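Shown next, in C-alpha cells, is the structure this report addresses.
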Amino acid sequence: MKQIGIVRLDRIGDTILTLPAIKLIKQKYPDCKIVGFFNQYNSQLFLYNSEIIYPYLDVIEILQINLNYQDIEKFSPLKNIFEYLKIIFWKKRKRYSFEKIFVFSPTTSSYLLGSSLKAQKKYTYFYQSRLNRFIFSNKYSYYLDDIDKSSISDYKNVRHEIFQNLEVLRLDFYFDFEDLSNYRPEIFLPDIPFEKYDLLVFDKKLWFYNPQGIRWLKIFINTIFNKAKNFNKNIKVGFISNRKEITDIAINPSITELLGLVKNCRCVVCFDSGIVHIASAFNTNIVAIFANRYFEFDTRRWSPLSDNKKIVKLDIFADDNFDSIDFEITNPAEFAEYVFYQATEYLQT
C-alpha cells in the first residue's frame, strides 16, 4: 500500500487549521495509508486512550519533542537545539518510504523532519522573509506566502491560514476553495460525557506572564465572575488554566476534556489562541480577544470561523513599542465588563 505523510509539529490551534487539508488528502487518496507526524501535545487531537478517533488518519507517529516558546510568543531557536537533534536521530523514519509528504507547519522542526523522511515528492509553504526558506526550499515543491505582517500596508491581501494549507495541496492536485465556509475543521470526540458550562473563559500565559500581567488577568477574571453572579440568569462559569496563582477555582482539563467542554459550552471567551479554532470547529459562540499589535493582520489570518462570533480588540501594546506589553493602557475591570456584555447576547438565548 502506498503511503502519504503529513507533518505538523507545532501548536494545537495551527494543527486544527490543517484538518480540512488532511481530510482532502484522504478523500483524494482513499487507498493510501495516511501517516501523521505530530508532537506529544497536538497528537491528542486525534487520539483517545491511544486509539485513533480521527477518521482521516491511518497511522499516527508521535515525536517526543517539546519546542520552547518564550513570552509574547518569541521563539528561542537556541533552546531547541536538543529537540532538533531528536528529530535528526529519530530512528522510526527509516521504515517509511512515502509517495508524497505534505509539511504544513512553517517551523524549523517540521521542515527538518520532512527533509529527513524518504519520499518521491514533498510539498510545503514558506514565508518569504524567514530563514527556513533559504535552508530547506531545495528539498520541497512549495507555495510562497509573500506577506510579512511586520511591514504589510495592504491588509486586503491577507487570507486565513486555512487557505495557506489548502494552497499546499494545490501543488499536488487542483480544486477550488474560494468559499471558506466549505472548509470548517472537523474535530471528533470519543463517546463519553462532558461537563456543561454556560460561559468558559481561557488563560493566555504568553501574554500574562509577568507580575503585572498576572495582576491584570486576576482582575479581569474576578470581574467576569462577579458580573456572572449578578446576571439575571443563573449561569455556570469556568476558568480554564493550569495556573492556580490566577485563581484556585481554575479548571485544568486534558485536551480531550477541553474539547468536550468547548463543544458543550454556550459561549467561550478567549484570547487569541488555539481555543478560537476549537470553538469554531464546533460552531460554539465565541468572544475572541485579539491584541492591538498586528490586529488587522491577526484577525484576518486567524479569525474564528464560527457563525456566531464577536472579535474584540485589547490595547496592551504601546503604539510606539510593539515589542513589549504595557498593562496600564487598558483597565482590566472595565474591559471585563465590556467583554461580558458582548457575551450576554449568547447567554440570554
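The values are calculated or read from the model by the stated rules, or taken from the named source; none is laboratory data. Fair warning: this is a prediction, and the values are worked out from it, not measured in the lab. Here the Cβ is made from the backbone with ideal geometry for all residues, glycine too, and neighbour counts use every protein chain on show.
Overview of results
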quantity	calculated
Candidate set: the range 86-98, residues that are among the charged types (D, E, K, R) and over 25 Å from residue 133 (Cβ atoms); chosen: the one surrounded by the fewest Cβ atoms within 10 Å (Cβ to Cβ)	91
Among (1) without any contact (Cβ under 8 Å) to a residue 60 or more places away in the chain; (2) more than 22 Å from the chain's Cα centre (by Cα); (3) within 28 Å of residue 330 (Cβ to Cβ) - the single one residue 223 does not satisfy	(1)
Qualifying positions in the range 265-308 - surrounded by fewer than 18 Cβ atoms within 10 Å (Cβ to Cβ) and of a type in the set (A, V, I, L, M, F, W, C)	295, 297
Residue within the range 31-43 that is within 22 Å of the chain's Cα centre (by Cα), surrounded by fewer than 17 Cβ atoms within 10 Å (Cβ to Cβ) and of a type outside the set (D, E, K, R) present	yes
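Residues are listed down the side, and each one gets a yes or a no for (1) in contact with a helix residue (DSSP H, G or I) (Cβ under 7 Å, 6 or more places away or on another chain); (2) farther than 17 Å from residue 123 by Cβ; (3) at pLDDT 95 or above; (4) in a helix (DSSP H, G or I):
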residue: 1; (1), (2), (3), (4): no, yes, no, no
residue: 6; (1), (2), (3), (4): yes, no, yes, no
residue: 9; (1), (2), (3), (4): yes, no, no, no
residue: 21; (1), (2), (3), (4): yes, no, yes, yes
residue: 35; (1), (2), (3), (4): no, no, yes, no
residue: 79; (1), (2), (3), (4): no, yes, no, yes
residue: 82; (1), (2), (3), (4): no, yes, no, yes
